[in-house]
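Just so it is clear, none of the values below were taken in a lab; they were calculated from the coordinates. Source: prediction; values computed, not measured. Note that we place each Cβ from the backbone using ideal geometry, even for glycine, and neighbour counts take in every protein chain shown.
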Amino acid sequence: MFETYQSPKELRPSDPRFGVGPSLIPLEFIDSLKAQGVHYLGTSHRKSAVKNVVKEIQEGLRTYFRLPQDYSVVLGNGGATFLFDMLALGMVQKRATHFVCGEFSEKWFKSSKKVPWIETVAQQVPFGEGITPTDDTASDLIACTLNETSTGVIVDQFPKVHDGALLAVDATSGAAQVPCDVSKVDVFFFSPQKVFASDGGLWVAILSPKARERALTLAKDKSRYIPDIMSWESAITNSDQNQTYNTPALATLWFLNEQVKKMNKIGYDAVIEDGHKKAKLVYGWAEEKSYLSPYIKDPKYRSNSVAAIDVDDKVNVDDLLKALAKEKSVYNIDGYRKLGRNQFRIGLFHNIAYSDLEKLTKILSHAIESVL
């Protein structure tokens with residue numbers, strides 16, 4: 001359908017990267033790493049060159065999220081999906097309630113379900129719909145997903161959980177940009193390859209004193225099998241010393257630190273507002289064009305970091321994206337593969353320029369209208 005299509009050069013974005021993860025890493029981060037590479041790359045993570053970067057990340061996140069002093073910023077290797085198992089193994093006492101609205105929140109639920117010594121239940125809506133989590137007095141961990149990467153659904157509000165429960169939030173594709181008062185969350189975790197503009201393979205978990213105590217207490221339960229690599233006790237004690245338990249990817253840490261510093265310059269509220277501005281542009285474009293529509297129908301559940309846009313079946317999205325990728329003008333805005341929908345999934349992350357998003361909407365419209 002788009003085999004011979006060529007976009008006008010004036011419509012091409014200055015940066016073609018609009019994927020929802022891994023996301024756009026600014027090239028200046030690579031330059032800064034290169035400048036310090038001989039003093040940093042190839043260094044043991046037990047040495048000051050790396051520990052100082054970890055400490056800067058921890059302090060930068062503490063500033064950015066306005067964390068209470070008694071909250072812990074814990075880092076480890078494996079990515080946020082790794083934490084699905086860690087949380088079930090070492091943070092749930094007896095029962096967890098999961099709020100499921102997409103592929104990744106469902107994956108978290110399924111991971112918990114496999115642990116034989118806890119009970120796991122799900123409150124679930126069809127993919128494409130939003131869900132508002134509530135407390136469950138029968139459970140000691142309430143699991144929510146801040147931003148469902150597969151569908152572009154966000155949590156509109158969080159519950160106040162009862163005294164015996166922890167509120168755990170997977171914030172991977174929304175952390176730093178989708179509104180959330182982290183001081184009211186017990187476990188707020190993410191991997192940095194989304195808004196935080198780094199590579200994968202790392203996880204960050206911000207723990208309340210209640211969550212920290214729970215994890216350290218359950219670590220003493222010898223009836224539970226918890227692999228050393230998934231030990232909360234090891235992760236916490238190492239992070240207290242500005243380290244990870246095992247060897248991290250140093251470039252990932254560097255890029256994360258550069259992004260945290262960048263966002264701290266304008267602050268949390270300004271980053272969120274920038275995301276809302278981008279979301280208004282993209283959803284407004286989708287509502288204006290007859291061949292497009294927002295996948296999430298209820299505006300209160302529409303993400304300001306990941307926008308999923310349905311496209312008329314007359315348009316072969318796969319062919320269009322192949323043509324744009326071939327000319328190197330637009331990359332990685334495919335819909336989530338398991339949904340099987342004809343749609344775009346567009347990153348609205350902080351490092352994606354508003355002017356480039358404007359050009360993206362124009363180039364997509366130009367291409368689609370050329371065949372309709």
request  = Working from Cα positions, state the angle (0 to 90°, nearest 10) between the long axis of helix 317-326 and the longest principal axis of the chain.
outcome  = 90
request  = For the chain, give the magnitude of the charge dipole about the Cα centre (Cβ charges: +1 Lys/Arg, -1 Asp/Glu; no others), in debye to the nearest 20.
outcome  = 660
message = Give me the one-decimal nm value for the distance between modelled label points at ASP135 and GLU3, 7 Å along each residue's Cα-to-Cβ direction.
response = 6.3
inquiry  = Per 0.36 nm of contour for each residue apart, how much would the distance between ARG337 and ASP298 grow if the chain were fully extended, relative to their Cα-Cα spacing?
reply    = 11.8 nm
task = For region 138-151, just list the computed ³J(HN,Hα) in residue order, Karplus coefficients 6.51, -1.76 and 1.60, θ = phi - 60°, integers in Hz, with x standing in for Gly and Pro.
result = 8, 10, 9, 9, 10, 9, 10, 10, 4, 9, 7, 4, 6, 10
request  = Going by C-beta contacts inside 10 Å, put ARG212, ARG337 in order with the fewest on the left.
outcome  = ARG337, ARG212
request  = Mind sorting HIS366, HIS39, HIS350 by how few other Cβ atoms lie within 10 Å of their own Cβ, fewest first?
outcome  = HIS39, HIS366, HIS350
ask   = Rounded to the nearest 0.05, what FRET efficiency is calculated for ALA49 and GLU369 with R0 set to 45 Å and r the Cβ-Cβ distance?
value = 0.25
ask   = Using modelled amide H (1.01 Å from N, peptide plane; none on Pro or chain starts), what sits under 5 Å from the amide H of HIS98, excluding residues fewer than 5 places away?
value = VAL121, ALA122, GLN123, ALA143
ask   = Out of ILE154, ILE25, ILE266, any idea which swings most in a Gaussian network model of the chain, alpha carbons joined below 10 Å?
value = ILE266
note = Residue-ordered couplings for region 336-348, obtained by feeding phi - 60° into the Karplus form 6.51 cos²θ - 1.76 cosθ + 1.60 and rounding to whole Hz (Gly and Pro as x), are 5, 4, 6, 6, x, 9, 8, 7, 9, 10, 10, x, 10
inquiry  = Within a 10 angstrom radius of the beta carbon, how do GLU103, GLU3 rank from fewest other beta carbons to most?
reply    = GLU3, GLU103
message = Can you show me the helix-derived [θ] at 222 nm for the chain, built from DSSP H runs with n ≥ 4 at -39,500 (n - 2.57) apiece and divided by the number of residues, rounded to the nearest 500.
response = -11500 deg cm²/dmol
remark   = Note on region 43-266: contact order normalised by length, alpha-carbon pairs under 8 Å, 6 or more apart, percent, works out to 27
ask   = In the structure displayed, which of LYS107/LYS160; LYS114/LYS300; LYS34/LYS326; LYS210/LYS262; LYS55/LYS277; LYS51/LYS278 lie more than 27 Å apart, Cα to Cα?
value = LYS114/LYS300; LYS34/LYS326; LYS210/LYS262; LYS55/LYS277; LYS51/LYS278
request  = In whole angstrom, note down how far apart the Cα centers of region 326-372 and region 189-210 are.
outcome  = 26
query = What shape does the chain have by the C-alpha gyration tensor, where a ≥ b ≥ c are the square roots of the eigenvalues, rounded means a/c under 1.5, and otherwise prolate means a/b greater than b/c and oblate the rest?
reply = oblate
remark   = Between GLN124 and LYS280, the two model label points (7 Å from Cα along the beta-carbon direction) sit apart by a distance in nm of 3.8
